1. Expected output is a single nm value to one decimal: the length gained when fully extending between residue 267 and residue 112, i.e. 0.36 nm times separation in residues minus the C-alpha distance. What is it?
2. Spin-label point model (7 Å from Cα, Cβ direction): what's the residue 32 to residue 18 distance in nm?
3. How much FRET efficiency would the formula 1/(1 + (r/R0)^6) give for residue 142 and residue 285, where r is the Cβ-Cβ distance and R0 is 25 Å, rounded to 0.05?
4. Grab the other residues whose beta carbon is less than 10 angstrom from that of residue 45, score K and R as +1, D and E as -1, and report the net.
5. Mind giving me the FRET efficiency for residue 227 and residue 150? R0 is 45 Å, r the Cβ-Cβ distance, nearest 0.05 is fine.
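Every number in this text was worked out from the coordinates using simple rules, so none of it is lab data. It should be emphasised that the depicted structure is a prediction, and the values quoted were computed from it without experimental measurement. Reconstructed Cβ throughout: ideal geometry from the backbone, glycine too, with neighbour counts over all protein chains shown.
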Amino acid sequence: MWLVSDIIRLVTIFFNLVSGLTLNAYIVVVYVREWRKKKGFNVSDRIVLLLALIGIAHQCSFSVEGLNFYFGSHLPHQRGLNIYVYVFHIFLMNENLWSTAWLSIYYCLKLVKFSHRIFLQLQRRLSSSITQLLIVSLVGLFFITLPLPWTLQLHYKNIIKDPPGINYTLPYMAMDVRYVPLYVVLGSLLPFLLIFICIGLSVWSLLSHVLQIHHNSSQFSSSPQLEGHLRAVRTMILQVCLCLALYLAIFNNLLFSMSIGIIVKIMLFTILISYPSVQAAISIQGNPKLRNRPSARDTSMGSK
C-alpha cells in the first residue's frame, strides 16, 4: 500500500520532469537558433546553454533516481545501480553550481568597476578562457566525484506507519565521514561562496547605479534602464536563494540522511527535483533573448 509521501513524490517527479524538460529545451532551442544566425556565442550565452543542457540531464537523472530509489527493488545488484545513479546526480548538481559560479564571476567582472590591475586582467582574459575554465572545473569535479561510490552505502530502514500494521521501508544513504569535508568543500561550498560573493557585489553595483538614475531622472518609474537594472537585481537575488537551497539540500542529504524525518526528506526531495525547472524559469524571466518569443524576436530583427 502506498503512503501519502509516496504519492507526493510521484506527483512531484512527473510534474517537475515535464516542466524542467520543457523550460530547458526551450532555452536550448532559442540559443541554437541564435547560433545558426550568428555562428557563435558570447560568454554568458555559452554558460546559460550549458546550464540548460545540465538541467535536462539533471531532471532526467533525478527522476530515474527517485523512481528507483523509492519504488525500485531492494536486491543487492539494484542497490549498486542506485548508488551509481545517485553519484551521477550529485555530480550534475555540483557541476551546475560550478557553471553558475563562472557565470556569476563573468557578470561580476562586467558590472563592478574594479580599479586594481589584477581584476582588469581578469576582465580581459575571462572571455577568451571561459571554455577552458568550464572544462577544468568539469574534469576536476569528475575526479573528486570518482571515489564517491566507494564511500556511500545504501541502507533501508523499516518503520511502522499509521494505519497500524503497515511496514514502510525508508531508504537512506550513509557516507564515509572522512571524505565528506573534501567533497562538500570543493564540490559545492566553494562554488556557492563564489556565487554569493559575486552576486552580492553585482547587486551592490546595480543598486548604486539605480540610486544614481533616481537622483538624475525625474521619471524614476518609467526609465527602461532602471527597469532593466531592477529586473537584473531580482534575477540575481532569486538565483542566489536557489543556489543556497540546493547547497543546503546536498549538505543535508550527504550528512544527515539517516537522522532527518520524512517531512524534511520530502522538502529536500522537492528542492532537488525542482531545481532545474526553477533555474530555467529564473533564466527565462531575466534574459531578454529568452523572455521574448523567438518568433517575435525574429520578426523584429528581420525588420531592421
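1. Numbers: separation 155, 0.36 × 155 = 55.80 nm, distance 3.60 nm.
Extra length from residue 267 to residue 112 when fully extended: 52.2 nm.
2. Reported label-point gap for residue 32 and residue 18 is 2.3 nm.
3. 0.20
4. Working: positive: 38, 46, 289; negative: 34.
Net charge in that neighbourhood comes out at +2.
5. 0.30
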